[in-house]
Amino acid sequence: MRVAVIGGGQLARMMQEAASALGIPLAALVEARDGSTGQVVPDAVVGAPDDEDRVRALAERSAVLTFEHEHQATALLERLQAEGYSVQPSPAALLYARDKLAMRRRLGELGVPIPHWRQIRSETDLEEFLAQHGGRAIVKTARGGYDGKGVRAVEKSEEVGDWLEAMAAGGVELLAEEQVDFTCEVAALLARRPSGELRTWPVAETRQVDGVCSTVLAPAPDLDDRLAARAQEIAEQIAVGLNVTGVLAVEMFLSGDRLTVNELAMRPHNSGHWTIEGATTSQFEQHLRAVLDLPLGDTTPVAPHAVMVNLLGSVHEDPRHAYPEALGRYPEVKVHLYGKEVRPGRKLGHVTAIGEDLAELESRAAGAVAVLKGVE
């Protein structure tokens, strides 16, 4: 039952915790032996995700190959799948999490609600799109963007002049989307196994700072039952329509009573970290069950509310130096650090609080993060 995971960040690190509990061996292809995953996965191999020899060697001794990021070489995965190796999610599905142009086209074909968009092939294309949408647009690189990278809000084509030059040279593909005026952002999280079983968690609200997720509230406190059900319905439509296996996170904008899909992630996702303490089955355990085609676990929350707050940077050289104060003042919160070198704005860990009083949970989780960050 060995699971091989490509990627050495915090997501594979947290998969190891769930794998240990289930007695499932986890092997990882990591960027560095002392990186987030390499520190905790004994069976870690250093290599690039497009290193065919290393990826193939992992696949040969594992029941399934899965991922903690979308930046994979499609041709290599397709060859492995054609040779009979289990690749979950499949290369065909993973394309839609990796390539925003392909994702927008396919979701449109499926009838999924998405923002108005256009592929940008010239400066004129962008100027026309801006004129059609009130002089504002979101311009994205089709591949490689995450946590606000590869995304710019623009009012003039000059604001993405460097991207337009790169596009003209064949180095990048671009798309423009309408700038959605939204009330809040929500994320629908589910897991699906190859044999078709599917389970969802409650829809969560996500709050961003400079394009990076800062806080997650589960279930989304101001989302009525009808819209929550609609968000889950959209996520299930995408999972089945794209034949996704493993965990799928669908990020959406809520504008009044209109939901539009923003991004997809076919792996455990920041919006689902609350499930570690807040749900009967965490997203990390569920992902392992799903890619191995094992029966999925119960997703029922264990408390009325869960709040997850990300630790984004710290003035401490090592946030653990703040443990005496943070753990002493906030003994009810759960702290997860990722073993990363401190850099400004970097995701270094998260804190989760679960219970009945949402305002108090927000205050306590944010307070613990402030101490770890060194700003309180």
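The values are calculated or read from the model by the stated rules, or taken from the named source; none is laboratory data. Bear in mind that the values here come from a model prediction, so they are computed numbers and not experimental data. Positions of Cβ are generated from backbone atoms using ideal geometry, with glycine treated the same way; all protein chains shown enter the neighbour counts. The accessibility values were calculated without ligands, DNA or RNA, using every heavy atom of the protein model including side chains. Shrake-Rupley method; radii C 1.70, N 1.55, O 1.52, S 1.80 Å.
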Which pairs do you get when a residue that is over 23 Å from ASP222 (Cβ atoms), found in segment 246-275, comes within reach of a residue that is in a strand (DSSP E or B) and among the hydroxyl-bearing types (Ser, Thr, Tyr), reach meaning Cβ atoms under 7 angstrom, with the pair 6+ apart or on two chains? GLY246/THR66
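Here is a check on your reading of the model: is GLN179 surrounded by 20 or more Cβ atoms within 10 Å (Cβ to Cβ) and within 22 Å of the chain's Cα centre (by Cα)?
Working: surrounded by 20 or more Cβ atoms within 10 Å (Cβ to Cβ): no; within 22 Å of the chain's Cα centre (by Cα): yes.
No.
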Evaluate segment 130-145: report whether one residue or more is open to solvent by less than 20 Å² (accessible area, probe 1.4 Å) and more than 14 Å from GLU173 (Cα to Cα). yes
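Filter segment 33-44 down to residues that are open to solvent by 40 Å² or more (accessible area, probe 1.4 Å) and in contact (Cβ under 8 Å) with a residue 12 or more places away in the chain and give me whichever is farthest from VAL247 (Cα to Cα). Steps first, answer last, please.
Start the filter on segment 33-44 by keeping residues that are open to solvent by 40 Å² or more (accessible area, probe 1.4 Å), which leaves 33-34, 39-40, 42-43.
If we keep only those that are in contact (Cβ under 8 Å) with a residue 12 or more places away in the chain as well, we get 33, 39-40, 43.
Details: ARG33: 26, GLN39: 24, VAL40: 22, ASP43: 23 Å.
Step by step, filter segment 33-44, then rank; the result is ARG33.
One residue is enough: does segment 272-292 have a residue meeting the conditions of a type in the set (A, V, I, L, M) and at pLDDT below 95?
Step one: of segment 272-292, the residues of a type in the set (A, V, I, L, M) are 276, 279, 288, 290-292.
Restricting the remaining residues to those that are at pLDDT below 95 gives none.
No, that holds for no residue.
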Within the bounds of segment 226-240, is there any residue that is farther than 23 Å from ARG104 by Cβ, of a type outside the set (Gly, Ala, Ser) and without any contact (Cβ under 8 Å) to a residue 40 or more places away in the chain? yes
In segment 264-290, anything among the hydroxyl-bearing types (Ser, Thr, Tyr) and surrounded by fewer than 24 Cβ atoms within 10 Å (Cβ to Cβ) is listed as THR280, THR281
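Kindly establish whether VAL261 is open to solvent by less than 20 Å² (accessible area, probe 1.4 Å), touching a helix residue (DSSP H, G or I) at 6+ places or on another chain (Cβ under 7 Å), closer than 23 Å to ARG105 by Cβ and of a type in the set (Val, Ile, Thr). Working first, answer last.
Numbers: open to solvent by less than 20 Å² (accessible area, probe 1.4 Å): yes; touching a helix residue (DSSP H, G or I) at 6+ places or on another chain (Cβ under 7 Å): yes; closer than 23 Å to ARG105 by Cβ: yes; of a type in the set (Val, Ile, Thr): yes.
The answer is yes for VAL261.
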Which numbered condition trips up THR206, out of (1) touching a residue at least 60 places away in the same chain (Cβ under 8 Å); (2) among the hydroxyl-bearing types (Ser, Thr, Tyr); (3) more than 19 Å from LEU11 (Cβ to Cβ)? (3)
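Check VAL209, VAL240 and return the single one that is open to solvent by 10 Å² or more (accessible area, probe 1.4 Å), within 26 Å of ARG143 (Cα to Cα) and more than 16 Å from the chain's Cα centre (by Cα).
Result: VAL240 is the single residue among VAL209, VAL240 that is open to solvent by 10 Å² or more (accessible area, probe 1.4 Å), within 26 Å of ARG143 (Cα to Cα) and more than 16 Å from the chain's Cα centre (by Cα).
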Residue in segment 73-80 that is under 21 Å from THR275 (Cα atoms) and either in contact with a Pro (Cβ under 8 Å, 6 or more places away or on another chain) or surrounded by 18 or more Cβ atoms within 10 Å (Cβ to Cβ) (or both) present: no
In segment 319-348, which residues are modelled with pLDDT of 95 or more and on the phi > 0 side of the Ramachandran plot? GLY339
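Out of all the residues in segment 202-214, is one or more in a strand (DSSP E or B), closer than 30 Å to GLY135 by Cβ and in contact with a Phe, Trp or Tyr (Cβ under 9 Å, 6 or more places away or on another chain)?
First, the residues of segment 202-214 that are in a strand (DSSP E or B): 204-209, 212-214.
Within this subset, residues satisfying the condition of being closer than 30 Å to GLY135 by Cβ are 205-209, 212-214.
So of that shortlist, the ones also in contact with a Phe, Trp or Tyr (Cβ under 9 Å, 6 or more places away or on another chain) come out as none.
Checked against the condition, which is being in a strand (DSSP E or B), closer than 30 Å to GLY135 by Cβ and in contact with a Phe, Trp or Tyr (Cβ under 9 Å, 6 or more places away or on another chain), segment 202-214 yields no hits at all.
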Pull out all pairs, ordered by first then second residue, where Cβ-Cβ is under 7 Å, the residues are six or more apart or on different chains, the first lies in segment 109-120 and is over 12 Å from LEU242 (Cα atoms), and the second is among the aromatic types (Phe, Trp, Tyr) and crowded, with 20+ Cβ neighbours inside 10 Å. ARG118/PHE129
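Please go through segment 366-376 and pick out each residue that is open to solvent by 40 Å² or more (accessible area, probe 1.4 Å) and in contact (Cβ under 8 Å) with a residue 60 or more places away in the chain.
Step one: filter segment 366-376 for residues open to solvent by 40 Å² or more (accessible area, probe 1.4 Å), giving 366, 373, 375-376.
Across segment 366-376, the qualifying residues are ALA366, LYS373, VAL375.
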Which numbered condition ASP125 misses (of (1) without any contact (Cβ under 8 Å) to a residue 60 or more places away in the chain; (2) of a type in the set (D, E, K, R); (3) over 19 Å from GLN179 (Cβ atoms)): (3)
Output the residues belonging to segment 1-30 that are within 13 Å of HIS69 (Cα to Cα) and either among the β-branched types (Val, Ile, Thr) or at pLDDT below 95 (or both). VAL5, ILE6, VAL30
Residues of segment 328-365 being open to solvent by 50 Å² or more (accessible area, probe 1.4 Å), hydrophobic (A, V, I, L, M, F, W, C) and touching a residue at least 24 places away in the same chain (Cβ under 8 Å), in sequence order, are ILE354
